[in-house]
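Peer 1: Please find one structure pasted underneath; my questions will follow.
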Amino acid sequence: MFRNFTFVEDKRDKTSALSEKTGVDQPDSLSREVAKNVISKRHRQPSADDLVNGIFSGDVTSLSRAITLVESTNPEHQQKASDVISACLPKTNHSVRIGITGVPGVGKSTFIEAFGTYLTGIGKRVAVLAVDPSSSLSRGSILGDKTRMEELVKDKNAYIRPSASGETLGGVARKTRETITLCEAFGFDTIIIETVGVGQSETAVHGMTDFFLLLQIAGAGDELQGIKRGIMEMADAIAINKADGDNVKRAKLAKTEFGRALHFFPEKSSGWMPKATTCSAVTKDGIDEVWGIVSDYLELTKGNGFFEQRRSEQNLAWMRETIAEQLRFRFYSDPNIGKLLEQLSHDVLHNRISPFKAAQEMLANYFKQAGTS
C-alpha cells in the first residue's frame, strides 16, 4: 500500500515527513508537436478560396470567419474580403430579406425567435443578422441576441450573427449588406435583419430589405404618436406584438387604429397596401399570419416586376455607399492628412481657423496629392 512512499528526514526541522518517491516522468497529455500544429492551425488565416469553398460547402465556421473578415477595419483584410464577396455574388439574390424594427421594449428579439422557429418549421433556412447598439463611450457592445434566442440558436437550419452597430446610424452594422451576400451564398433563403430601434436613419435598413415589418405594442399610450410618421410610411406591415392575456382587446383596438391610419398614406409604388395584424411571440398566436402577409407581398411584387426593380436599386445604393466608404477610409488613412488633421484640429480648438476653412484645406490638400485638384 505504501510502496510508492518512504519516510525521509526533513532537513529543516529534523522531523520525518511523508513524501513521494521520484518516479518515471509522465508524458504531456498532448505532444509538443501536436500542440504546435493545433495552435498554428487555429491562428492561421484561411485564404479567400478556403473561405469561399467552406461557405459553398455549408461550413458555418467559414461563414462566421468570412463575416468577421468583411467587418474588419484592418487595411490588410480589405482585398481578401473583396475577393470573397466577389466569388459569392453569383450565388446570391435567391432569398427574401426582411427588416424588422420597432420601439424599444416591443419584443423584437422574442418575436424574431418565434418567427424564425416557425419558418424553419416549414422548411426555411433562416439567417438572423441582429444588430446591437454600441456604447458611444467604449464603442463596445453586449451582443446578447444569442442569449435571448435560446431556442433558435440551437436550430440547425438557423444562424444568428450579432454585430455591433458601431458608429453607423440607422441601427445597422457597417457591413450588413456584405453579410447578407455571404449568408445568401451559404444557402439561407430567409434573411432577417433586426435593428436597434426606431431612429432618424432607419431608412438604411429599409433600403437593403424586400419587406419592412414594424412591430408595435398596445397599451403604451397614444399608439399613433409612439412612432414617427416616416417609419410608418416605409412599413409594409405593422404587427401589434404581445397580443396575449389581458392585452388582447387593446391589441385588436390598436390594430384597427393602425389599419385606418395606413389608408391615409400615399400609395406605394409597389402597388401593395400595407396591412396591420396582431401576434404574440410568447403564445405563437398570429406568427403564421405575419408570414402570410409577407408571402402575399412577395407574390404581388414578383408578379408586377417591382421586386426585381427594387433589388436593382439596392445594388446601385450599395455601389454609392461603397464609394463613399472607400473615399472616407482612404482620406483618413493618408499619413499626410493625418498630420494636417492633427494640426488643424488644434487650430480649430483655439479658434484660429473655422471648421469649414480647415475642412476645405484638408480636402484641397488630399485632392492635390491625388492629382485631381
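Peer 1: I'd like the Karplus ³J(HN,Hα) series for the range 247-264: coefficients 6.51, -1.76, 1.60, θ = phi - 60°, whole numbers in Hz, and an x wherever there's a Gly or Pro.
Peer 2: These are the phi-based 3J(HN,Hα) values: 8, 4, 4, 5, 5, 5, 5, 5, 4, 4, 5, 5, x, 5, 5, 4, 6, 8 Hz.
Peer 1: Regarding the range 42-86, what are the three Cα extents along the principal axes, ordered largest first, in Å?
Peer 2: Rounded to whole Å, the extents work out to 28, 25, 15 Å.
Peer 1: How charged is the neighbourhood of Ser47? Take every other residue with its Cβ under 10 Å from the Cβ of Ser47, and add Lys/Arg as +1 and Asp/Glu as -1. Walk me through the numbers on the way to the answer.
Peer 2: Working: positive: Arg44, Lys80; negative: Asp49, Asp50, Asp83.
That sum, taken over residues with Cβ under 10 Å, equals -1.
Peer 1: Could you line up Leu340, Leu69, Leu316 from fewest to most neighbouring Cβ atoms inside 10 Å? Please list the in-between numbers first.
Peer 2: Values: Leu340 16, Leu69 23, Leu316 9.
Neighbour counts put them in this order, fewest first: Leu316, Leu340, Leu69.
Peer 1: In the neighborhood of Arg320, defined by Cβ-to-Cβ distances under 14 Å, what is the net charge if each Lys or Arg adds +1 and each Asp or Glu adds -1? Spell out each step's value before the answer.
Peer 2: Details: positive: Arg177, Arg328; negative: Glu313, Glu321, Glu325.
Within the 14 Å Cβ shell, the charges total -1.
Peer 1: Now for a separate question. For the range 287-296, take each phi angle, set θ = phi - 60°, evaluate the Karplus expression 6.51 cos²θ - 1.76 cosθ + 1.60, and give the result in whole Hz per residue in order, putting x for glycine and proline.
Peer 2: Along the range 287-296, the couplings run 5, 5, 5, 4, 5, x, 5, 4, 4, 4 Hz.
Peer 1: What is the order of Phe329, Phe186, fewest Cβ neighbours within 10 Å to most? Can you show the working numbers first?
Peer 2: Values: Phe329 13, Phe186 22.
Going from sparsest to densest Cβ surroundings: Phe329, Phe186.
Peer 1: A further question on this structure: Going by how many other Cβ atoms sit within 10 Å of their own, how do His206, His263, His77 line up, fewest first? Intermediate results must be reported in sequence, preceding the final value.
Peer 2: Details: His206 20, His263 8, His77 15.
Ranked by crowding around the Cβ, least crowded first: His263, His77, His206.
The numbers here are math on the coordinates, done by the rules we state, and not lab data. Remember, it's a predicted structure, so these values are computed and weren't measured experimentally. So basically every Cβ, Gly included, is an ideal-geometry build from the backbone, and we count neighbours across all protein chains shown.
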